[in-house]
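Working notes, structure below.
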Amino acid sequence: MKLQKSVLKNKFLIFFVGIFVFSTINISQAQAAQIKPSTSTTWYVNLTSSTEKGATINNWMWNAGNTQGKKDLAVSGTAISTVILDFGAPVLKNGLQGASTWGVFLNTAEI
């Protein structure tokens, strides 16, 4: 009879430890689910005039990145964000590779 009681105690202990570990895992998963994932921003670069090339597009890209960096800096902890600049379809024009920008061609040096 002593052997059976000892086996029952061990089974109960294993069962209790298993329930505790299972409960802890579920709590951790529930807490992790409450954290909002980082978001990303997509900019569709649409040039309508060749006067928008050069400094104009470079200033716009710099300002867009600077604005996002300031938003990340204002978030407590570590903020990692992704910004996508979509320049349109790849284009080969006069031997130069670039993008369509849905209007005005930009070569890779200009991007």
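Laboratory data are not the source of any read-out in this text; all were calculated from the coordinates shown. Everything quoted here is computed from the prediction, not taken from an experiment. Quick reminder, even Gly has a Cβ in these numbers, built from the backbone with ideal geometry, and neighbours come from all protein chains shown.
What ³J(HN,Hα) values, in whole Hz, does the Karplus curve 6.51 cos²θ - 1.76 cosθ + 1.60 give for segment 50-60 when θ = phi - 60°, with x put for Gly and Pro?
Those phi angles translate into 5, 6, 7, 6, x, 4, 4, 5, 4, 5, 4 Hz.
Using a 7 Å offset from the Cα along the Cα-to-Cβ direction at both V83 and T48, what is the distance between the two label points in nm, to one decimal?
Going from the V83 label point to the T48 one covers 2.3 nm.
Mind giving me the nanometre distance, one decimal, between the label points for W62 and A109, set 7 Å out from Cα along Cα→Cβ?
Result: 2.0 nm between the two label points.
Return the ratio Rg/(2.2 N^0.38 Å) for segment 37-111, where Rg is computed over Cα atoms only.
Its radius of gyration relative to the 2.2 N^0.38 Å reference: 1.29.
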